[in-house]
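Student: The structure under discussion is supplied below as structure tokens; questions concerning it will follow.
The values are calculated or read from the model by the stated rules, or taken from the named source; none is laboratory data. Predicted, not measured: the structure shown is a model, and the values here were computed from it. Reconstructed Cβ throughout: ideal geometry from the backbone, glycine too, with neighbour counts over all protein chains shown. Note: accessible area is taken over every heavy atom of the protein model, side chains too, but ligands, DNA and RNA are not part of it. Shrake-Rupley method; radii C 1.70, N 1.55, O 1.52, S 1.80 Å.
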Amino acid sequence: MGLKITLSVIKADVGGFIGHGSVHPDMLKNAEEILEQQGKELLVDFFVTNVGDDINLILTHKEGINSEKVHKLAWNTFLSCTEVAKSLKMYGAGQDLLSDAFSGNIKGMGPGIAEMEFEERPSEPVIIFMADKTEPGAWNLPLYKIFADPFNTIGLVIDPKMHSGFCFEVLDLVEDKKVTFSCPEELYDLLIFLGASNRYVVKSVYTKNKEIAAVSSTQKMNQMAGRYVGKDDPVLIVRCQSGLPAVGEVLEPFANPHLVTGWMRGSHYGPLIPVPQKQAVPTRFDGPPRAIAMGFQLANGRLIGPQDLFADVAFDRARQKALKAADYIRQMGPFEPHRLPLDEMEYTTMPQVMEKLKNRFK
Ligand code: F6R
Ligand code: MG
Ligand code: MG
């Protein structure tokens, strides 16, 4: 038996710099200090980064998933960063911390979380995707391409270790139910759900031998809070190579940016731009939505890296294409399909306008 390692990525927006665009460096420094001090015994390693206004804590440890100790450490880190945010009067300080007190598990309390436990292989390359100004459904299309589309992932065709396909665990965010599809056999069943990415999201992907390959965060925060508190900007962990998709196969879907929900006021469709971490500062119309990809090699749980994978010039054209799509769709202004359908917008004036006009509607 090799070493069992848990990789937890826990994220929260606890204050934006400027508006909802980024995270102040003092907050990131504070997160590092807290993890260094309070995580000494608990963590094997950690890395702190941000995408837009979200702080991402990438943690390795031996506590397994849903560890109270690890979740509490993350919660305390976000609480402490909220204090820094408040002192600098950052925008929306503490916005994702929905509860006043930690109660054992960070799920349902506001922060987003993706975590997996696995036996570290002789070499363990992983990619952590992190996005801002969008939702967990944003990963549906890339995950389908990575693990089920041979036009993206040639390994499905020519690597004997991948030829039997993968299993997708899909979560219904409305009814909170799960279903697993075995692919390629059930590909068409899978796609009727994945195409409705506002409601059905890929929670995890497994090999046919039940080895974990990918896990996403699936919090739907606007529903958790019962009111608008910001978009549930998602994260995704993907293990790569040796019978799993190659690093390049995992990144390839992002070469053709797709449209996702989010952007300004969480109420628009826009292209998901793959960017290097330094460019993860969404300012134009509070966006467009962006994704970063940080690659690590694990070495007995140590995070060797990161390699900023979307910094590759080969993604320059994807960025240009996304910007063209952004210009095009922005022309639609407040009209669908740039603006989301009425029932999906995170902000609306409809009830008030209806109330005002109720006697004039005949
Ligand atoms: C979208 C987002 C921003 C805000 C917008 C208005 O996810 O974070 O587009 O919705 O800047 O923010 P408030 O309502 O805080 O003024
Ligand atoms: Mg924010
Ligand atoms: Mg955000």
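Student: From the residues A74, Q279, Q37, which one has its Cα farthest along the dipole of the chain in the positive direction, the dipole being from +1 and -1 charges on Cβ of Lys/Arg and Asp/Glu about the Cα centre?
Tutor: Q279
Student: So, one more: Could you pull out every whole DSSP H run in the chain that spans at least 24 Å of Cα extent along its own axis and averages 0.0 or higher on the Kyte-Doolittle scale?
Tutor: Long hydrophobic helices here: none detected.
Student: Defining a contact as two alpha carbons under 8 Å apart and six or more residues distant in sequence, what relative contact order in percent does the chain show? Walk me through the intermediate numbers first.
Tutor: Details: 798 pairs, mean separation 66.7, N = 362.
Reported relative contact order: 18 percent.
Student: With a 10 Å radius around each residue's Cβ, average the other Cβ atoms per peptide and rank 297-310, 10-23, highest first. Present the calculation step by step, with values, prior to reporting the outcome.
Tutor: Numbers: 297-310: 17.4, 10-23: 23.5.
Going from most to least packed, we get 10-23, 297-310.
Student: Determine one quarter of the surface area of the Cα convex hull of the stretch 265-324, which equals its mean projected area, and express it in nm² to one decimal. The partial results should precede the final answer.
Tutor: Values: hull surface 20.4 nm².
Average of the hull's projected areas for the stretch 265-324 equals 5.1 nm².
Student: Among P276, P351, P341, which one shows the biggest mean-square fluctuation in a GNM of the chain, springs joining Cα atoms closer than 10 Å?
Tutor: Of P276, P351, P341, the most mobile in the Gaussian network model is P351.
Student: Could I ask something else about it? How big is the stretch 256-362 on each of its three principal axes, counting only the C-alpha atoms and giving the largest first in Å?
Tutor: Principal axes ranked by extent give 68, 32, 19 Å for the Cα atoms.
Student: Could you tell me how far the Cα centroid of the stretch 30-92 sits from the Cα centroid of the stretch 301-362, in Å?
Tutor: 28
Student: Now for a different question. Given a cut-off of under 8 Å on Cα pairs at least six residues apart, what relative contact order in percent is computed for the stretch 233-362?
Tutor: Details: 160 pairs, mean separation 29.8, N = 130.
About 23 percent, as a whole number.
Student: Related question: Kindly give the semi-axes, whole Å and largest first, of the ellipsoid equivalent to the stretch 151-214, taking each as the square root of 5 times a Cα gyration tensor eigenvalue. Display every interim value, and only then the final one.
Tutor: Values: eigenvalues 103, 32, 16 Å².
That gives 23, 13, 9 Å for the three semi-axes.
Student: What size of dipole, in debye to the nearest 20, comes out for the chain about its Cα centre when the only charges are +1 on Lys and Arg C-beta atoms and -1 on Asp and Glu C-beta atoms?
Tutor: Details: 39 positive and 45 negative charges, 197 e Å.
It comes to approximately 940 debye.
Student: Keeping all protein chains in place, calculate the accessible area per residue for the chain (probe 1.4 angstrom), answer in Å².
Tutor: Details: 16470 Å² over 362 residues.
On a per-residue basis, 46 Å².
Student: When the distances between all Cα atoms of the chain are binned every 10 Å from zero, what whole-number percent does each bin get?
Tutor: Taking every Cα pair in the chain, the percentages come to 5, 25, 35, 25, 8, 2, 0, 0.
Student: Further question: Tell me, what is the FRET efficiency for A255 and K107 to the nearest 0.05, using R0 = 30 angstrom and their Cβ-Cβ distance as r?
Tutor: Numbers: r = 33 Å, r/R0 = 1.10.
Once rounded, the FRET efficiency stands at 0.35.
Student: When the helix-only estimate is applied to the chain (DSSP H runs of n ≥ 4, each -39,500 (n - 2.57), divided by the residue count), what is the mean residue ellipticity at 222 nm, nearest 500 deg cm²/dmol?
Tutor: Values: 9 runs with 88 residues, N = 362.
Only helices count here, giving -7000 deg cm²/dmol.
Student: Farthest toward the dipole's positive end in the chain, which of G295, S87, L57, given Cβ charges of +1 (Lys, Arg) and -1 (Asp, Glu) about the Cα centre?
Tutor: S87
Student: Got a number for carbon plus sulfur as a percent of the chain's accessible area, 1.4 Å probe?
Tutor: Values: 8830 of 16470 Å².
C and S fraction of accessible area: 54 percent.
Student: For a quick check: with amide H placed at 1.01 Å from N, whose amide H comes under 5 Å from F166's, ignoring anything fewer than 5 positions away on the same chain?
Tutor: The list, which skips near neighbours in sequence, is C183.
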